[in-house]
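The values are calculated or read from the model by the stated rules, or taken from the named source; none is laboratory data. All of these numbers come straight from a predicted model, not from anything done at the bench. Cβ atoms come from the backbone with ideal geometry, glycine included; neighbour counts cover every protein chain shown.
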Amino acid sequence: MNITVVEIDRNMLDIALKWFGLELDNMHRVIIEDGVEYVKRIARAGAKFNVIHLDACTMEENVDTNCPMDIFYTEEMVRNYAAMLKPRGVVIMNVLTLTGNDMAAAKKVGPLTEPFQWVNV
C-alpha cells in the first residue's frame, strides 16, 4: 500500500512518531503542508489516487460541521477531488458536528454529489 498523508501541523507528526510508533518509508510518507494547497497543487499536476480520506477538522464551536472544515466543501475542492481519483477511486470524509445539528452537516455533503457517480452518507 502506498500512503501519502498531508498534515498542516508538524507537531502532529512528531507526536505520531514519538507516541504512536509511526514509521515512515518510501511507501508511507507525511507531507507538512496546508491540505487545501496540497489538493490544488496535486490536482493541477494530474496525480491520481485510489482513495482520498479527508479528516481535516476544526474545534470551533459556531460552525455547521467541524469535520471537514468548510473550505473542503467548496465547488473548487470537490472538482479537485474528482480530478484526483482513479476511475474506481473513492473519497471518504469524516463528517462531524459538535452542535448536534446533524441535518445541517448532512446538507453540506449535498454539493459533493454532482461530480461523482455515487454518494453514500
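Observations on the structure shown:
- The range 81-94, subset under 11 Å from the mean Cα position of the chain (by Cα) and surrounded by 18 or more Cβ atoms within 10 Å (Cβ to Cβ), residue modelled with the highest pLDDT: 81
- Unmet requirement for residue 42, which otherwise passes all of (1) in a strand (DSSP E or B); (2) in contact (Cβ under 8 Å) with a residue 40 or more places away in the chain; (3) farther than 23 Å from residue 120 by Cα: (1)
- Odd one out for residue 36, checked against (1) part of a helix (DSSP H, G or I); (2) loosely packed, with under 13 Cβ neighbours inside 10 Å; (3) within 11 Å of the chain's Cα centre (by Cα): (2)
- Taking the range 9-33 as the range and being β-branched (Val, Ile, Thr) and surrounded by 15 or more Cβ atoms within 10 Å (Cβ to Cβ) as the test, only 30 passes.
- Checking each residue in the range 49-65 for being among the charged types (D, E, K, R) and either under 24 Å from residue 85 (Cα atoms) or at pLDDT 90 or above (or both) picks out only 55.
- Residue in the range 11-29 that is assigned by TED's automatic domain parsing to the domain that holds residue 115 and in contact with a Ser or Thr (Cβ under 7 Å, 6 or more places away or on another chain) present: no
- Residue count for the range 45-75, restricted to those that are in a loop (DSSP other than H, G, I, E, B) and under 14 Å from the mean Cα position of the chain (by Cα): 9
- Test: residue in the range 100-108 that is of a type in the set (A, V, I, L, M, F, W, C) and touching a Phe, Trp or Tyr at 6+ places or on another chain (Cβ under 7 Å): no
- Tally of residues being under 18 Å from residue 72 (Cα atoms) and part of a strand (DSSP E or B) across the range 5-30: 3
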